[in-house]
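Visitor: Quick one: the structure is below, and I'll ask about it shortly.
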Amino acid sequence: MSKPKATGSPALALEIMLARDDLTRFVQQQARETAARVGFSYEACPDAPSTYQQLRGAYEESTANGTPLPISNLFCDTSIFFDPEDNVRFRFWHDVSHIEHGLSFGLADETELALWQLDQAEKYGFPKGSLPWTLLHHDFIGQIQLMALIGRFPIHQRRFVTDCIEYGYDHGLLEEIRRVPAPDAPAQTRSDTLVTS
């Protein structure tokens, strides 16, 4: 089975860029509101918690002392956001939401959290099926499905998500499944959806 032909539409490329800009503002707002609600912010670092237990411990420390929550800044260069720092902001909101909702890093809990975050995007003003909502869906749910199917996250997040838009979700997923990571590429232990992609 071959991949559907890409449209290469400049209009679609522009729409995706504008949607990414909208999503960046959304994530910035979610991070600000999260910091205001919990009473602490975040610190971007390469050695942030990578297990649910580690995250719970770090969250408890931040809650007790007001210290910033360590959030991974690894694998941020290819996210759907324009600035890697905005990917870290997303991860801050995502990690805090893990704790607030009592959801682990297991696939079922990650899916539940992704669906909740998509609901928040709808409440923000991205109707289900809109391009910003669809980009988030493909990013959140697509990464979880890839991990379940092949045990890894997208090699290049933005390319994966835009392939899903360009070719359709199922074909974009198949394209990513067929991609082979470079032999020297570092392994990702968590994703954006799981926080470290």
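The values are calculated or read from the model by the stated rules, or taken from the named source; none is laboratory data. For clarity, every value in this text was computed on a predicted model and none was experimentally measured. Positions of Cβ are generated from backbone atoms using ideal geometry, with glycine treated the same way; all protein chains shown enter the neighbour counts. Heads up: the accessible areas ignore ligands, DNA and RNA and are worked out on the full protein's heavy atoms, side chains in. Shrake-Rupley method; radii C 1.70, N 1.55, O 1.52, S 1.80 Å.
Visitor: Given 0.36 nm per residue, what is the gain on full extension from Thr67 to Cys45 after removing their alpha carbon distance, in nm?
Guide: Values: separation 22, 0.36 × 22 = 7.92 nm, distance 1.38 nm.
In short, 6.5 nm is gained.
Visitor: Full-extension gain between Ile177 and Arg25, please, as 0.36 nm times their residue separation minus the C-alpha to C-alpha distance. Write out the running numbers ahead of the final one.
Guide: On the way: separation 152, 0.36 × 152 = 54.72 nm, distance 3.04 nm.
That works out to 51.7 nm of additional length.
Visitor: Given contacts defined as C-alpha pairs under 8 Å and at least six residues apart, what's the relative contact order of region 1-132, whole-number percent? If you can, show how the numbers build up before the last one.
Guide: Numbers: 122 pairs, mean separation 36.3, N = 132.
The value is 28 percent.
Visitor: While we're on this one: How large is ³J(HN,Hα), in whole Hz, for each residue of region 17-33 in order, when computed from phi with the Karplus curve 6.51 cos²θ - 1.76 cosθ + 1.60 and θ = phi - 60°, using x for Gly and Pro?
Guide: 4, 5, 5, 4, 5, 4, 5, 4, 5, 4, 5, 4, 5, 4, 5, 4, 5
Visitor: What are the residues whose amide H is under 5 Å from the amide H of Ala44, where those residues sit 5 or more places off or on another chain and H is modelled from the backbone?
Guide: It is Ile71, by chain and number.
Visitor: So if we plug the beta-carbon distance of Ser104 and Ala11 into 1/(1 + (r/R0)^6) with R0 = 41 Å, what FRET efficiency do we get, rounded to 0.05?
Guide: Working: r = 41 Å, r/R0 = 1.01.
Efficiency at R0 = 41 Å is approximately 0.50.
Visitor: Can you give the extra length, in nm with one decimal, that the chain gains between Arg159 and Arg56 once fully stretched, where that is 0.36 nm per residue apart less the Cα-Cα distance? Don't skip to the answer; put the middle values down first.
Guide: Values: separation 103, 0.36 × 103 = 37.08 nm, distance 3.21 nm.
Gain on extension, Arg159 to Arg56, equals 33.9 nm.
Visitor: What does the charge dipole of the chain about its Cα centre add up to, to the nearest 20 debye, if the Cβ of each Lys and Arg holds +1 and the Cβ of each Asp and Glu holds -1?
Guide: Values: 17 positive and 27 negative charges, 73 e Å.
About 340 debye.
Visitor: Farthest toward the dipole's positive end in region 88-138, which of Leu115, Ser104, Leu136, given Cβ charges of +1 (Lys, Arg) and -1 (Asp, Glu) about the Cα centre?
Guide: Leu136
Visitor: For region 74-89, take each phi angle, set θ = phi - 60°, evaluate the Karplus expression 6.51 cos²θ - 1.76 cosθ + 1.60, and give the result in whole Hz per residue in order, putting x for glycine and proline.
Guide: 7, 6, 9, 5, 10, 6, 6, 8, 6, 10, x, 4, 6, 5, 5, 4
Visitor: Before anything else, pin down the relative contact order of region 49-100: Cα pairs under 8 Å, at least 6 apart, normalised by residue count, whole percent. Could the numbers behind the result be given before it?
Guide: Working: 33 pairs, mean separation 15.8, N = 52.
Dividing the mean separation by the residue count of region 49-100 yields 30 percent.
Visitor: For region 53-93, just the Cα atoms, rotate onto the principal axes and tell me the three extents in Å, largest first.
Guide: On the principal axes, region 53-93 reaches 33, 19, 12 Å in Cα extent.
Visitor: Along region 172-180, what does the Karplus equation 6.51 cos²θ - 1.76 cosθ + 1.60 (θ = phi - 60°) give for ³J(HN,Hα), rounded to whole Hz, x for Gly and Pro?
Guide: 3J(HN,Hα) across region 172-180, in whole Hz: x, 4, 4, 4, 5, 4, 7, 5, 10.
Visitor: Continuing with the same structure: Classify the chain as rounded, prolate or oblate, taking a ≥ b ≥ c as the square roots of the eigenvalues of its Cα gyration tensor: rounded when a/c is under 1.5, otherwise prolate if a/b is larger than b/c and oblate if not.
Guide: prolate
Visitor: At a 1.4 Å probe, what is the % contribution of carbon and sulfur to the accessible area of region 10-178?
Guide: Carbon and sulfur atoms account for 52 percent of the accessible area of region 10-178.
Visitor: Still on this structure, please answer the following. Can you work out the FRET efficiency for the pair Ala148 and Tyr124, with r the C-beta to C-beta distance and R0 = 35 Å, to the nearest 0.05? Could you put the intermediate results ahead of the total?
Guide: On the way: r = 27 Å, r/R0 = 0.78.
The formula returns an efficiency of 0.80 here.
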